[in-house]
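Visitor: Pasting a structure here, questions to come.
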Protein chains: 2
Amino acid sequence: MTAPERGFSTAEFRNRTRAAQSLMAEHDLAALLLTTEAEIRYYTGFLTRFWESPTRPWFVVLPSSGEPIAVIPSIGAHLMKQSWITDIRTWSAPDYVDDGISLLSDTLGEVTPPTGRIGVADQMESLVRIPLADLRMLESRLLPRLLVSDQTITRRLRLVKSETEIAKVRHACAIADRAFNRVPEIASEGVALSMVFRRFQMLCLEEGADWLPYLAGAAGQSGYGDVISPATDVPLSKGDVLMLDTGLVWDGYFCDFDRNFSVGSPDKEVEVAHGCLIDSVQAAAERARPGAMIADLFHAMNAVVNPSGNIMEAGRLGHGLGMQLTEWPSIIPQDETVLVPGMVLTLEPSVEVANGQIMVHEENIVIRENGAEFLSAPQPPEIRVV
Amino acid sequence: MTAPERGFSTAEFRNRTRAAQSLMAEHDLAALLLTTEAEIRYYTGFLTRFWESPTRPWFVVLPSSGEPIAVIPSIGAHLMKQSWITDIRTWSAPDYVDDGISLLSDTLGEVTPPTGRIGVADQMESLVRIPLADLRMLESRLLPRLLVSDQTITRRLRLVKSETEIAKVRHACAIADRAFNRVPEIASEGVALSMVFRRFQMLCLEEGADWLPYLAGAAGQSGYGDVISPATDVPLSKGDVLMLDTGLVWDGYFCDFDRNFSVGSPDKEVEVAHGCLIDSVQAAAERARPGAMIADLFHAMNAVVNPSGNIMEAGRLGHGLGMQLTEWPSIIPQDETVLVPGMVLTLEPSVEVANGQIMVHEENIVIRENGAEFLSAPQPPEIRVV
């Protein structure tokens, strides 16, 4: 499989910027202040694993017209210069007295009127990545300008992916599919779960992943207790259900799906549960057409896994996917987002197999004009055996 | 090499909690509110890669006496129950109307007096991991209680590592050392840098890493332009300096160091630069004794790499290390932190080899009663050749 081209055209970044500016005008925002990895990368293309370091803040100012302005630690200037951004202002961070706050407030002051409202992401799944004391200092420096809600502008734009973005997610999914196909090489009775985790990550890299920000999984009789635990050193036993759930990255875009494996022949209850999960995903995929609501996908899946109508504690049955492992929206009964082409989603039903033991299955789809297209390879009802 | 035991004793978590409570009493804080991965793990041991998902907030309340209280999404209850925490309060997240804020404010209300001051981390390297609109709602719900600075209580405690923590960092370092020793297996003239990155991550996993949150690197004639870029597909050329810098994790603890390699015989200027970096690290290691200041380490290193007294733009020459890739403090001239036994630091001088082309070398040390102990294997002046 040929990899897509890396990166994005400058035209795509310009389109994103203009789309944001158009929404800013609607909401009377004089600028957006971007502080997180995903927001900054969305408008600039700035891609680095250096965000793993919590030390330094990074800022991008999106004015009401013109191009974004980067206000960043000098250590990032060389990389930012390779993006389409031309106005790059730096300070030598970390600065214990003033860690970019003056440079940022001066920049915001320059591009907004004194009564301007400056939008920051403030809703669910967002963060303002500035130490709280610095945020409070910034707010007082900006007065009479106000820091206000960004009205979810960036979240709304990111919800619908371009073909270039979709191609990256598809490529990440294909890498994970190939790695999952090779799990029988690394997992069998007697191998410690921690060793399976380690070797599975190696398979993902060998198949082409850039890196593996996320791997969870579990193994147990009749399923597992949760889906977020790290691996233990307990060896796989005959009859265990092994689950591996990966969010691997290619060119900054995630896949996020899992596969279940039976160690030896599956118990009847595991076979039934797996078939039920596959049916549940299928029901949602059939419902996933432009015009349907996210809540419809929840109900389509839940009707299969919980015919009694109960709702499981986990809270949701899937979510958005793209530059982050999980993105807006959540597949819950309260979400009335209307599907449009280009939305990338995970479908992730879970079912209780025995007392407290669950199984989860997950696939990745993109909404097209005529329905759902699977980005991960949809699975048959039969659970895989190792 | 035998791996240390995973996890920590309950006694260690109790000690951390009591130490925090003692500082809280000094600062008249009725509770601490913890919201980030590192803070929550420090007091509870809650270890999961699920923090990669930005969707859900997680809270731990540390009251002025007694044990920490977890206020978390129900999806995390099963894992939290395996920790020493017994008071675990959950809600079904994501909840679009009230995502844990009522449960959190009720809990804080229960354990603090109406005039209590509740501390949150608000200084450099900290974040309050709550969407801003929810944070503002929480502040208004808590009134007349106030959210105030935690006075860096958790940061100060985390600065000095226990022997159990140090053993985990040492183990992570040993894994990376072994992987670096095997770089000649994967890197040579003609191999794309992106392939070197991929294969190096596989080596780290094979040598025992749990996962690889961080890898940066670069390759170029006479050094490289920066140390935070992702890999390109450009093949290694004869005479390139290849640098790989990894933050791999074992049981939740990081190493963070790099190695430089010359592709074929090194140029004279590269040889000299590498020797200079090694001398610089050595100068700092000799200075790194209890009673010295962080600033002294800066000056010891800088005197070697910048005899003219100039300070490079990168901003610092090392930092703390532990549960995060980079931790407090920063090795800068302004940092007057006095070294005490148990501090784990990186020493990371950089030098300009040619116009704009730099080289960086990094080692990890722990401060002992009688001086610095290297956790990574200290390197000789000669650059490695592949």
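The values are calculated or read from the model by the stated rules, or taken from the named source; none is laboratory data. All values reported here derive from a predicted model rather than from experimental measurement. Because the Cβ atoms are built from the backbone with ideal geometry, glycine has one as well, and the counts that use them run over all protein chains shown.
Visitor: Of everything in segment B:24-34, what is touching a residue at least 12 places away in the same chain (Cβ under 8 Å) and either part of a helix (DSSP H, G or I) or within 21 Å of B:Asp95 (Cβ to Cβ) (or both)? Give them in sequence order.
Guide: Selection gives B:Met24, B:Ala25, B:Leu33, B:Leu34.
Visitor: While we're here: Does B:Val169 satisfy the criteria of being more than 20 Å from B:Gly318 (Cα to Cα) and modelled with pLDDT of 95 or more?
Guide: No; evaluated as a whole, the condition is false for this residue.
Visitor: Next question. If we scan segment B:366-374, do we find a residue that is in a loop (DSSP other than H, G, I, E, B) and at pLDDT 95 or above?
Guide: yes
Visitor: I need the full set of residues from segment A:237-246 which are surrounded by fewer than 23 Cβ atoms within 10 Å (Cβ to Cβ) and not charged (D, E, K, R), in order please.
Guide: A:Ser237, A:Gly239, A:Met243
Visitor: Kindly indicate whether A:Met24 is over 22 Å from the mean Cα position of the chain (by Cα), at pLDDT 95 or above, more than 27 Å from B:Trp51 (Cβ to Cβ) and buried (at least 17 other Cβ atoms within 10 Å of the Cβ).
Guide: Answer is yes for this residue.
Visitor: Shifting gears a bit: Out of B:Val169, B:Val196, B:Val227, which single residue is of a type in the set (Val, Ile, Thr), crowded, with 22+ Cβ neighbours inside 10 Å and facing chain A (nearest Cβ under 10 Å)?
Guide: The conditions single out B:Val227.
Visitor: Assuming B:Ile358 fulfils every condition listed in (1) more than 23 Å from B:Ser162 (Cα to Cα); (2) of a type in the set (Val, Ile, Thr); (3) surrounded by fewer than 24 Cβ atoms within 10 Å (Cβ to Cβ); (4) within 14 Å of chain A (Cβ to nearest Cβ) apart from one, which condition is it?
Guide: The number of the failed condition is (3).
Visitor: Restricting to segment A:104-142, name every residue that is in a loop (DSSP other than H, G, I, E, B), without any contact (Cβ under 8 Å) to a residue 60 or more places away in the chain, surrounded by fewer than 18 Cβ atoms within 10 Å (Cβ to Cβ) and not polar (S, T, N, Q).
Guide: Across segment A:104-142, the qualifying residue is only A:Pro114.
Visitor: Give segment B:35-57 a look and list any residue that's touching a Phe, Trp or Tyr at 6+ places or on another chain (Cβ under 9 Å), within 11 Å of chain A (Cβ to nearest Cβ) and either under 21 Å from B:Ser92 (Cβ atoms) or not in a loop (DSSP other than H, G, I, E, B) (or both), or say none.
Guide: B:Thr35, B:Glu37, B:Phe46, B:Arg49, B:Phe50, B:Trp51, B:Glu52, B:Ser53, B:Thr55, B:Arg56
Visitor: Among the residues of segment A:155-164, is any over 30 Å from A:Leu23 (Cα atoms) and not acidic (Asp, Glu)?
Guide: Taking every residue of segment A:155-164 in turn, none turns out to be over 30 Å from A:Leu23 (Cα atoms) and not acidic (Asp, Glu).
Visitor: Same structure again: Which is farther than 26 Å from A:His171 by Cα and within 12 Å of chain B (Cβ to nearest Cβ), of A:Gly315, A:Gly320?
Guide: A:Gly315
Visitor: Mind counting the residues in segment B:91-102 that are within 14 Å of chain A (Cβ to nearest Cβ) and either out of contact with any strand residue (DSSP E or B) (no Cβ under 6 Å at 6 or more places or on another chain) or assigned to a helix (DSSP H, G or I) (or both)?
Guide: Summing the residues that are within 14 Å of chain A (Cβ to nearest Cβ) and either out of contact with any strand residue (DSSP E or B) (no Cβ under 6 Å at 6 or more places or on another chain) or assigned to a helix (DSSP H, G or I) (or both) in segment B:91-102 gives 8.
Visitor: Can you tell me how many residues within segment B:326-361 are among the polar types (S, T, N, Q) and part of a loop (DSSP other than H, G, I, E, B)?
Guide: Counting residues in segment B:326-361 that are among the polar types (S, T, N, Q) and part of a loop (DSSP other than H, G, I, E, B) gives 4.
Visitor: Also, quick follow-up: Within the set of pairs 6+ apart or on separate chains, which have a first residue in segment A:79-102 that is aromatic (Phe, Trp, Tyr), a second that is surrounded by fewer than 19 Cβ atoms within 10 Å (Cβ to Cβ) and part of a helix (DSSP H, G or I), and C-beta atoms under 7 Å apart?
Guide: A:Trp84/A:Thr10; A:Trp91/A:Ser74; A:Trp91/A:Leu103
Visitor: Could you list, in sequence order, all residues of segment B:281-303 that are surrounded by fewer than 20 Cβ atoms within 10 Å (Cβ to Cβ) and either assigned to a helix (DSSP H, G or I) or not assigned by TED's automatic domain parsing to the domain that holds B:Leu339 (or both)?
Guide: B:Gln282, B:Glu286, B:Arg287, B:Ala295, B:His299, B:Ala303
Visitor: Out of the residues in segment A:271-325 that are charged (D, E, K, R) and in contact with a strand residue (DSSP E or B) (Cβ under 9 Å, 6 or more places away or on another chain), which is farthest from A:Gly45 (Cα to Cα)?
Guide: A:Glu271
Visitor: When you scan segment A:62-73, do you find a residue that is within 12 Å of another protein chain (Cβ to nearest Cβ) and surrounded by fewer than 17 Cβ atoms within 10 Å (Cβ to Cβ), even just one?
Guide: No, segment A:62-73 contains no residue that is within 12 Å of another protein chain (Cβ to nearest Cβ) and surrounded by fewer than 17 Cβ atoms within 10 Å (Cβ to Cβ).
Visitor: Here is a follow-up. Look at segment B:154-165 and say how many of its residues are more than 23 Å from B:Leu205 (Cβ to Cβ) and surrounded by 20 or more Cβ atoms within 10 Å (Cβ to Cβ).
Guide: 4
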